[in-house]
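All of the numbers you see were taken from the coordinates with simple rules; none came from a lab. In this text, all values refer to a predicted model and were calculated from it rather than measured experimentally. Counting neighbours? That spans all protein chains shown, and the Cβs are built from the backbone with ideal geometry, glycine included.
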């Protein structure tokens, strides 16, 4: 993905090779429209990672693309903590008004390097009508999608969390103890590791879900397990 993005650096104006290819599949109206997400589509297709980067298929509209990542549980809100947890190859979405609202997304790029302090270096198409590197901060990052690239180092965790049980208030047992231990590690000192999913565990789970930018429902399923197991 990043190799393809780097090859596009310097492309400018429209129509260009990216808009032409997209228009060939979807119609001439796309020849001269905004092409930031067309660039992501182009790089994914040429990089052999279409399914990972485009879970909903080709995208030219950034809001729909972000929603695709939400639907498969691979969306992370643009908090400073989450941005610091970005990885090269993540698809990062921007809202110039500074919200984390998916519906307000204006632009998209791919993370090339994590700089720390809530900043990332990106490669973006249609930035000043060209393909260029940019440095962006959490203040304008609405969130990012994490593609399930084949062979990624985190694949083992993706497989593991799918096998873990869904837990919620009233659940008991050793898996609840595991959740409680992870909550303790995430600065929730009032949690007791007693294997009982009670009020305090439920409250702490919801706090972690809010922090992680996922649905705040108190249910520990694959998405919340991934948040709890996230390494910083």
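Of note:
- For the range 2-145, diffusion coefficient by Stokes-Einstein and Kirkwood Rh (Cα), 10 °C, 1.306 mPa s, µm²/s: 108 µm²/s
- Taking label positions 7 Å along the Cα-Cβ direction at both residue 101 and residue 169, the computed distance is 2.9 nm, reported to one decimal.
- Summary of packing: across the peptides 220-228, 165-173, the per-residue average of other C-beta atoms within 10 Å ranks them, highest first, as 220-228, 165-173.
- A Förster radius of 25 Å combined with the Cβ-Cβ distance from residue 121 to residue 211 puts the calculated FRET efficiency at roughly 0.55.
- A full extension of the chain between residue 199 and residue 113 corresponds to an added length of 27.0 nm, given 0.36 nm per residue minus the alpha carbon distance.
- The range 1-46: relative contact order in percent, alpha carbon pairs under 8 Å with at least 6 residues between: 46 percent
- In the range 155-229, the ratio of gyration radius to Kirkwood radius, Rg to Rh, stands at 0.92 when only Cα atoms are counted.
- Of the peptides 90-100, 198-208, the order by per-residue mean of other Cβ atoms within 10 Å, starting with the highest, comes out as 90-100, 198-208.
- Pairs of Cα atoms nearer than 8 Å and 6+ residues apart set the relative contact order; for the chain it is 18 percent.
- Extension reserve of the residue 229-residue 148 stretch, reckoned as 0.36 nm per residue once the Cα distance is removed: 27.5 nm
- Residue 12 paired with residue 28, simple spin-label distance in nm, labels 7 Å along Cα-to-beta-carbon: 2.8 nm
- Helices in the chain, meaning DSSP H runs of at least 4 residues, each add -39500 (n - 2.57). Divided by all residues, the mean residue ellipticity at 222 nm is -11000 deg cm²/dmol.
- For the peptides 66-72, 183-189, residues were scored by their other Cβ atoms within 10 Å and the scores averaged per peptide; the highest-first order is 66-72, 183-189.
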